[in-house]
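Data first, discussion second: the structure below is written as C-alpha cells.
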Amino acid sequence: MEQEQIGRLLVIGIGLIGGSFALALKAAGACREVIGVAPNAETCEQARRLGIVDRASTRLEEVLPELEPGDLVFVAVPTLAVESVFAQLKGALPNGVTATDAASVKGSVVVAAKKVWGRMPDFLVPGHPIAGSEKSGVTAARDDLYRDHRVILTPLPETDTSHLQLVELAWQAAGAEVLKMPVEEHDEVLAATSHLPHVIAFSLVDTLAHDAENENIFRYAAGGFRDFTRIASSDPVMWRDIMLANRDAILKAIDLYSLNLSSLRSAIASGDSAALMGVFTRAKAARDHFTKMLAKQAYSDSMQAQEITFIAQPAAKVTGKFRVPGDKSMSHRSIMLGSLAEGVTQVEGFLEGEDALATLQAFRDMGVVIEGPHDGRVIIHGVGMRGLKAPPGPLYLGNSGTSMRLLAGLLAGQDFDVTLTGDESLSKRPMNRVANPLREMGANIETGPEGRPPLLIKGGSQLAGVHYPLPMASAQVKSAVLLAGLYADGETSTVEPAPTRDHTERMLQGFGYVVERNGAKASVCGGGALAACRIDVPADISSAAFFMVAAAISPGSDIVLEHVGINPTRDGVISILRAMGADIELENAREVGGEPVADIRIRYAPLQGIRIPEDLVPLAIDEFPALFIAAACAEGETVLTGAEELRVKESDRIQAMANGLAALGVSARATPDGIVIQGTGEKNVFSGGTVDSLGDHRIAMAFAVASLRAKDTIRILHCANVATSFPNFAELATEAGLKLQLA
C-alpha cells in the first residue's frame, strides 16, 4: 500500500480494537497522523506514551474541526455507546470525512445512525472486525491483531462508493481480508457463530462456578475446557451491550441450539448410538471443513493453496512396487449406495480425494451417519431408499462432475427440493445430458444458463420408467438414469452405443439389487431395496495409468502396481499401451467384491505410434492425457478419433494437451474428435518449458510424467486439483524416481 492513503485517522475509543487499528495503520504507513479520543486523560496519555496515537484528547469536539476530506473516523466504542458518539459527530463532522465503526451488531448501528441523522449518511460505512483477545484496554493493543483476519463491511444503498473504498483500503493496510455482507445477514450469522458461543461459554462457567465442587472442577479442568471457555473472559460490559442490541437474532440462535441440545440429551438418555454418531460425525466434519464449505473451497488440505506449480526436472526411470489410491468411480458409488442401503456398510480403500469427499459430505448433509474416512476406511449407516432428508442448504460438489450427475439421478425421485452447485470449473460443464432423460422420466429439474449448473431438483415428482438409448457413450449419464430408475414405476433401461464403465451395475448387484444386463442394455425395476455389504475399493486404474506410462517410456524402468481394478469396461489403457508395444503383465489376477483386480507389472519397451481403435475410446476416456505422453515418445504417428467427450471434461483435454505438447516441442494437432501426435522416439522428446494444466488434475500429472523424457525442466501451472483424484501423487512419483517439486 502506498503511503498516507487515508490522511488522518481519528480513533474514538482507544482500547484493544481502536488501538490495534491505529497501530496497524501506523506500521503500514497508511496515514500521516493518528489522533485519539478517550473519556479520561490517563488513557489518552497512556496511548500516546505507547505510540498508539500521536496525540489524544478527552474532548471529541476539540479535534473534529481539524479533520479534512480524506480523513477517517473510527468509532471503537461499545455497541450501545455508538449512538451518543454519532450525536456528537452530527453537525460537527466536516464534509468529505469518512466514518466507520467496529460494533458487533450492525442493525443497532444503522438504527442509531438513522435516529441521529434522520437518514443513513452516505459517509458512514458500518464494519465489524472478526478479531479479539482475552485481554482488553489500551495496553492490549497490538499492530498484528487484524492480520489474516476478516473484517465484514455492511454498506447500505446510501453508502457512497468513495467512502467505502477508503475503509476497504484502511482495513487492507491493517492486513485484514475484507468481506461485504447485508446488515441483516451479518447480525444473524454473528448471532450463531460469535454471540451464541459467548452465551454458552459465559453460562457454562457461571454454572460450574456455582457448583459446590467448583474448586476441584476448575483445578482439574483439561485444555479442552480452557480452550472452549476462553471467551468467557471477554469484557462483560461489551457482551451485555451486544446481547441487548442483537436480542432477536441471538434468541433465535439460542432457541435452535436449545432444541438440538434437547435432542442430544434424549439420545444420550435412551442410549441411541446411531443418533449420537450422527451428531458427532456431522459436527466433526463441519468443524474440520466449515470455513472451506462457507467459502466454497476444497475439503482436502492440499487443495487450499491458491496456486500449486509442479516443477518437474528431467529424470531417468521409475522403479518399485506401489499401490495407488482407491478407484474414484467406486468410491463415489460406495457412499451413494451405502447411504441408501438398509444396515451398515463398511468400505475399505476409499479414495480420500476432493471429489469423493464432496460426495461423502453431500450425504452427511442429507442426514446419513458416516464414520471416517480413516486411512481409506469408511463406515456408512444406511438410511434406506426413502431415508434421506432435505439438506440445510445447497449441496456443494466442488469440481466433481460424477457427484453432480449421479446425484441428479438419485435425487430426482426424492420428496424434497435440493440444489446442486459446484466450483467455477464444474459450473461450466454440460448437465442437460442427464437432466433431459430425467425429465423424460417425470423429474422436475431446472438448470442454469445453457444447461449448466446449478441444478435445482424439485421433490415430489412421480417418476416413470423409460427405455433410454444413450446418444453418447457416457457412464455418468447411464448411471444417472439407472439410479433414477430405482425410484421409478416399472422398468428403466439404457442402451449404450459403446461399452462404458459398469461400476454402477456391478455395485447395485453387490448391494442385492436386481440388474438385468444383456449386451449393451442394462435395466432395473423400481421399488426394490439395497442391503448393506462390505466393499473393498481397488486401486484406480486411471491413477495407475500415469505410472504405467512412466515405466513404458523410460529405459530401465520396472514397476509393479498392486491391487489395481481391471474392470473390462476400464482396461482400455492396458490394451492401447500393449498395441503400442508396451511390456505389461497382469499378475495375481483375482476378483474382489465382484470387481476383477490384478497386480500390474510394467517394464520399459520401445513404443510405436498407432491408430487407436474407436471401440477402445470409452474404455480409456480418462487415461488419454497420459496416453498422449506415451504417443509423443513413440516412433511414428498416433491418431485418436471418436473422442469428442474429452472436450467436456474438467477442461477441453484435447486442446489443452495439444497446446501443452506443442509448448514442449512436440508436433500435435487437435481435431474435432481427437488428436494427431507425431512421435519421434528420440531420447529427449520434450524440450522443457511451461505448460498450463488449466486446473485439470489429469493434465497436470501427465506432463509431470513427461519429465522422464525431457531435455530440461517442465513447469506445470495450476496443479492444486491433483488432490481431486490423487492426493499423494507428488509423494509417490518422487518415491518412484521422478524429480518433482511443488512451488
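Assorted remarks:
- C-alpha long axis of helix 196-209 to longest principal axis of the chain, angle in °: 70 degrees
- Solvent-accessible area per residue, Å², over the chain with all protein chains present [probe radius 1.4 Å]: 40 Å²
- Taking a point 7 Å from the Cα of S667 along the Cα-to-Cβ direction, the residues of region 589-620 with backbone N closer than 15 Å to it are 609-610.
- Region 31-91 and region 442-488 have Cα centres separated by 62 Å.
- Rounded accessible area of R142 (nearest 10 Å², 1.4 Å probe): 100 Å²
- Helix-only mean residue ellipticity at 222 nm for the chain, each DSSP H run of n ≥ 4 adding -39500 (n - 2.57), per residue, nearest 500: -11000 deg cm²/dmol
- Projected over all directions and averaged, the alpha-carbon convex hull of region 355-493 occupies 8.3 nm².
- Length gained on full extension, D712 to A192: 181.8 nm, using 0.36 nm per residue less the C-alpha separation.
- Between the Cα long axis of helix 354-365 and the first principal axis of the chain there is an angle of about 60°, rounded to the nearest 10.
- Counting only DSSP beta bridges with both residues in the chain, the antiparallel share comes to about 55 percent.
- Share antiparallel - DSSP beta bridges, region 400-516, percent rounded to 5: 60 percent
- Computed FRET value (nearest 0.05) for R240 with T690, which takes r as the C-beta separation and R₀ as 45 Å: 0.15
- Label point distance in nm, S84-R49, each placed 7 Å from Cα along Cα→Cβ: 2.6 nm
- Approximate spin-label separation A529-D583, in nm, with each point projected 7 Å along Cα-to-Cβ: 5.5 nm
- Surface composition of the chain: carbon plus sulfur atoms contribute 50% of the solvent-accessible area (1.4 Å probe, protein chains only, all chains present).
- Between 0 and 90°, nearest 10: helix 624-633 axis offset from the chain longest Cα axis: 60 degrees
- The length gained on full extension between A140 and L156, counted as 0.36 nm times the residue separation minus their Cα-Cα distance, comes to 2.5 nm.
- For region 97-240, the extents of the C-alpha atoms along the principal axes are 57, 31, 25 Å, listed from largest to smallest.
The values are calculated or read from the model by the stated rules, or taken from the named source; none is laboratory data. Here the structure is a predicted model, which is why all the values come from computation and not from measurement. FYI the Cβ positions are ideal-geometry reconstructions off the backbone, even for glycines, and counts take in every protein chain you see. Just so you know, the surface numbers come from the protein's heavy atoms only, side chains and all, with ligands and any DNA or RNA stripped out. Shrake-Rupley method; radii C 1.70, N 1.55, O 1.52, S 1.80 Å.
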